[in-house]
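Below is one structure, written out as structure tokens, with a few remarks after it.
The values are calculated or read from the model by the stated rules, or taken from the named source; none is laboratory data. All of these numbers come straight from a predicted model, not from anything done at the bench. A quick note on method: Cβ atoms are made from the backbone with ideal geometry, for glycine too, and the neighbour counts reach across all protein chains shown. Quick note on the areas: whole protein, heavy atoms, side chains included, nothing else; ligands and nucleic acids left out. Shrake-Rupley method; radii C 1.70, N 1.55, O 1.52, S 1.80 Å.
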Amino acid sequence: MNIKNVTVAGSGVLGSQIAFQCAFHGYQVTVYDISDEILEKAKTSFQQLGENFRRDLGATQQQVEAAVQRLAYSSDLPTAVKDADLLIEAVPENPAVKTEFYTKLAASAPEKTIFASNSSTLLPSQFAAATGRPAQFLALHFANEIWKHNTAEIMGHPGTDPAVFNTVVDFARSIGMVALPLHKEQPGYIVNSLLVPLLSAGLGLLAKGVADVETIDKTWMVATGAPMGPFGILDVVGITTAYNINKMSSAPGAAQVSAFLKEKFIDTGKLGVAAGEGFYKYPGPAYKQPGFLQ
Ligand code: NAD
């Protein structure tokens, strides 16, 4: 299976990054979204992404312009997928929206097209039937700021064809990702299966008053050699995400954590690095200062 043409469905935060990453690595990319107005906004995101690639990766203006030239746009699904070898879905994290999208896609895409979902929390087996081609469907999960945090977790469902799986692993490498194959379905893949419990445990210790932010982070950093502790990481992820996860969770202590985050952080606008303050103040957070680990 030879992948040349890629269609990315959804041009939001992740979809725009995935599309640009693929175009930057030489693929012809069609960006699909529900309206031409939204696609116009995506063009602005691509300008910004070009700047980021120059700043963080040392990409040249010529490379960025070549990537932009490889991007095409369509708000008509049959047109957007007519030549697609691979469709990467990055539509909203809502099971009803995704099911409806795959049902329409099943009716429009050529037989050859492989479908890959970037869903963070939903499993491919949930949508396999709606795709109409379960053997050619799997998850390909990227992290936010894909050009820097270049993980690609590849996770099939029990009906995924191993040859399709391997094609997507090779594709992920070809766009500059570290390909991370999973052998079975796992909610949260590998990264969130590790990260969410760590962040929740840190928040639990804080909300219960066991220790303060800096002591908890310092413990993790000194004991494991990690460059950040749970609260440094939470500021990068964004406290709104942590709040939403705890609000929806029925795990012991989650209600206490979500009430704590709402009062101290959400209601006061301390939402993390992007807001200039979360658990730490930015730029130059305390955990990066010399002597923090003493
Ligand atoms: P977003 O809200 O920024 O973007 C979603 C885009 O999908 C919007 O442009 C919207 O107009 C479009 N859309 C809505 N309905 C559509 C439809 N029927 N067909 C095509 N496009 C449609 O969302 P996002 O943060 O980019 O997340 C998209 C997916 O990526 C989700 O499954 C999410 O779990 C996953 N993801 C997000 C992150 C992250 O950090 N934001 C990280 C990894 C994975």
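A few points about this structure:
- When region 270-294 is filtered for residues that are aromatic (Phe, Trp, Tyr) and in a loop (DSSP other than H, G, I, E, B), the ones remaining, listed by number, are 279, 280, 282, 292.
- Residue 158 falls short on exactly one of the conditions (1) in contact (Cβ under 8 Å) with a residue 24 or more places away in the chain; (2) within 17 Å of residue 261 (Cα to Cα), and that condition is (2).
- Out of 191, 273, sole residue that is open to solvent by 50 Å² or more (accessible area, probe 1.4 Å), in contact with a strand residue (DSSP E or B) (Cβ under 7 Å, 6 or more places away or on another chain) and either among the hydrophobic types (A, V, I, L, M, F, W, C) or within 30 Å of residue 156 (Cβ to Cβ) (or both): 191
- Boolean, residue 39 is open to solvent by less than 20 Å² (accessible area, probe 1.4 Å), more than 25 Å from residue 162 (Cβ to Cβ) and in contact with a strand residue (DSSP E or B) (Cβ under 6 Å, 6 or more places away or on another chain): yes
- Any hit, region 122-137, residues being assigned to a loop (DSSP other than H, G, I, E, B), closer than 22 Å to residue 82 by Cα and either within 16 Å of the ligand (Cβ to nearest atom) or outside the structural domain of residue 27 (by TED's automatic domain parsing) (or both): yes
- Only listed residue being over 12 Å from residue 24 (Cα atoms), of a type in the set (Gly, Ala, Ser) and surrounded by fewer than 19 Cβ atoms within 10 Å (Cβ to Cβ), chosen from 96, 66: 96
- Residue selected from region 140-154 under the condition assigned to a loop (DSSP other than H, G, I, E, B) and not polar (S, T, N, Q), by the criterion surrounded by the fewest Cβ atoms within 10 Å (Cβ to Cβ): 148
- Test: residue 201 is within 19 Å of residue 236 (Cβ to Cβ), of a type in the set (A, V, I, L, M), more than 13 Å from the chain's Cα centre (by Cα) and more than 12 Å from the ligand (Cβ to nearest atom): yes
- Helices (runs of 4 or more DSSP H) wholly inside region 1-108 that include at least 1 residues being within 10 Å of the ligand (Cβ to nearest atom): 13-24, 36-57, 77-81, 95-108
- Reported count of residues in region 155-180, each being part of a strand (DSSP E or B) and either open to solvent by less than 60 Å² (accessible area, probe 1.4 Å) or at pLDDT below 95 (or both), is 4.
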